[in-house]
Amino acid sequence: MQRVVRKLTKTFSHRQVLGFRSYCNESVAVDVGQPTPASHPQLLNDGEITPGISSEEYLLRRKKMLELLPEKSLAIIAAAPVKMMTDVVPYTFRQDADYLYITGCQQPGGVAVLGHDIGLCMFMPEPKPYDVIWQGQIAGVDAALDTFKADKAYPMRKLREILPDMIRRSSKLYHNVQTATAAYTELEAFKKLAYCNNVNDLSAYTHQLRWIKSPSELKLMKESASIACQALLLTMLHSKTYPDEGMLAAKVEYECKVRGAQRMGFNPVVGGGPNGSVIHYSRNDQKIKDGDLVLMDVGCELHGYDSDLTRTWPPCGTFSSAQEELYELILETNKHCVELCKPGASIRQIHNRSVEMLQKGLKEFGILKGFGSSSYHTLNPTSIGHYLGMDIHDCSMINFDRPLKPGNNY
């Protein structure tokens, strides 16, 4: 009914909305602050809310979430906040994975509420003319109903008037702790439930849903991995002529983006020589010496889905005998662990097997003096892998002992 009333009363024209920029063609697609099938047909097919993910899939996600939520409970998910680089320069915005997973909205400023009686209700920011001139259009109430298929939608200024009643009708509350905002945490109704220990972290449920990917999600992740692989191969070829960490970081990012990636999944790790042993090395400011190896840990993000891969090679073109022996040990371990990636196995089991193989090989090389876990951990403090999806370290609430299922990615 809300959607019908809104359409009947919506009489403004593009000319009124655009003000002094009314020279735009009347047939131009309405800008909702992110790509839609009408505005970006090269990215989205009809019926998709975000590239590759249909409105039906978003509705199914909400249905599954409601099936997990206890009766008389309410879920509140706030959008990610805008983070500032300086007082007037924001960092590139990246949406919180849980908010994006449920709503499909890629923009800041909103709060989504999911409940058994209300379905999905979205509180949306209201763009001021000044903000539109400087930052462009953003999604509001109309987009919440038409684009994101919310059951109800209100402007953010109505949140303090409407949300407290929703909370008071609930016996338990779940919210996204990572993006919690004072817009709702300072409400008296919220504080009352929190005081009674009836406010919990929603990620226990969202991560359970996100852990198993749909065919559409798997397709996007394969495309993301393909882009990163192509970019890394071209960067490897580039490294002989330009053995410089910063140049290789720039090259791989360029190759990812020209193939359609929106951003890197994380700052590329490009470590030449001893820098390659720093797990999250990010300076990327050193020349790579002739004879040294370079390690690159990179990944890109395609329409909300990440890839992550690591490779090591000699930019000069050839391994030394010692380098080759170590490389072959790691490659053989990697191939064996890939074969273990089947339903029923766990990341913990696969990791433990990798430790056994690497410990044995390192001891044979004389690099590791004993089989103690502490000495090995000093050489390799990382795990064999982690879950992968909308976040690089995806679904952190799911432990590594859980048996893998079809649709898992790591």
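Observations, loosely collected:
- Within the range 257-277, being in contact with a strand residue (DSSP E or B) (Cβ under 6 Å, 6 or more places away or on another chain), open to solvent by 20 Å² or more (accessible area, probe 1.4 Å) and either without any contact (Cβ under 8 Å) to a residue 24 or more places away in the chain or not in a helix (DSSP H, G or I) (or both) holds for GLN262, ARG263, MET264, GLY265.
- Positions within the range 208-246 being open to solvent by less than 30 Å² (accessible area, probe 1.4 Å), of a type in the set (D, E, K, R) and closer than 30 Å to ILE102 by Cβ, in sequence order: ARG210, LYS213, GLU217
- Residues located in the range 326-358, provided they are in a helix (DSSP H, G or I) and in contact with a helix residue (DSSP H, G or I) (Cβ under 7 Å, 6 or more places away or on another chain): LEU329, THR333, HIS336, CYS337, ILE350, ARG353, SER354, VAL355, MET357, LEU358
- Residue check for CYS300: within 20 Å of GLY385 (Cα to Cα) and surrounded by 13 or more Cβ atoms within 10 Å (Cβ to Cβ): yes
- Only one of the numbered conditions (1) open to solvent by 40 Å² or more (accessible area, probe 1.4 Å); (2) in contact with a helix residue (DSSP H, G or I) (Cβ under 8 Å, 6 or more places away or on another chain); (3) within 29 Å of GLN95 (Cβ to Cβ); (4) not β-branched (Val, Ile, Thr) is not met by ASP401, and that is (3).
- Any hit, the range 359-381, residues being closer than 25 Å to PRO274 by Cβ, in a loop (DSSP other than H, G, I, E, B) and modelled with pLDDT of 95 or more: no
- Scanning the range 101-122 for residues that are open to solvent by less than 20 Å² (accessible area, probe 1.4 Å) and under 22 Å from the mean Cα position of the chain (by Cα) yields a total of 13.
- Residue count for the range 160-196 satisfying the condition of being basic (Lys, Arg) and assigned to a loop (DSSP other than H, G, I, E, B): 1.
- Considering (1) closer than 20 Å to THR103 by Cβ; (2) of a type in the set (A, V, I, L, M, F, W, C); (3) out of contact with any strand residue (DSSP E or B) (no Cβ under 6 Å at 6 or more places or on another chain), the lone condition that VAL177 does not fulfil carries the number (3).
- The condition of being closer than 19 Å to ILE279 by Cβ and modelled with pLDDT of 95 or more holds for THR333.
- For ASP292: the one exception among (1) outside any helix (DSSP H, G or I); (2) under 29 Å from the mean Cα position of the chain (by Cα); (3) buried (at least 16 other Cβ atoms within 10 Å of the Cβ): (2)
The values are calculated or read from the model by the stated rules, or taken from the named source; none is laboratory data. Every value quoted in this text rests on a predicted model; they were computed, and no experiment measured them. Positions of Cβ are backbone-derived with ideal geometry, glycine not excepted, and every protein chain shown enters the neighbour counts. Just so you know, the surface numbers come from the protein's heavy atoms only, side chains and all, with ligands and any DNA or RNA stripped out. Shrake-Rupley method; radii C 1.70, N 1.55, O 1.52, S 1.80 Å.
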